[in-house]
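The values are calculated or read from the model by the stated rules, or taken from the named source; none is laboratory data. Because the structure is a prediction, the values reported are computed rather than measured. Cβ: placed from backbone, ideal geometry, glycine included. Neighbour counts: every protein chain shown. Areas reflect the complete protein model, heavy atoms only, side chains present, ligands, DNA and RNA absent. Shrake-Rupley method; radii C 1.70, N 1.55, O 1.52, S 1.80 Å.
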Amino acid sequence: MRLSVVLPTFNEADNILPLLERLERSLTGVAYEILVVDDDSPDGTAALVEAHAATHPAVRAVRRVAVR
């Protein structure tokens, strides 16, 4: 692995997929991973990232779930 990109997110459902696509295009030719750490977004950000990651092996999602 040459590069790890960590993206902290909260309520980024409208923005996350375009951002991931741009990052992936920009990193063509580089050994990378993109780790999206979602802060328990109620808007479905983590689910979008998980669905994207299913077909993009360099992308991983971590969902931080608040204990209430």
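Quick notes on this structure:
- Residue that is farthest from ARG2 (Cα to Cα) [pool: residues in the stretch 22-38 that are aliphatic (A, V, I, L, M) and in a loop (DSSP other than H, G, I, E, B)]: LEU27
- Extreme residue, surrounded by the most Cβ atoms within 10 Å (Cβ to Cβ), among residues of the stretch 39-68 that are part of a loop (DSSP other than H, G, I, E, B) and touching a Ser or Thr at 6+ places or on another chain (Cβ under 9 Å): SER41
- Residue within the stretch 1-21 that is outside any strand (DSSP E or B), open to solvent by less than 50 Å² (accessible area, probe 1.4 Å), free of Cβ contacts under 8 Å to residues at least 24 places away in the same chain and out of contact with any Leu (no Cβ under 6 Å at 6 or more places or on another chain) present: no
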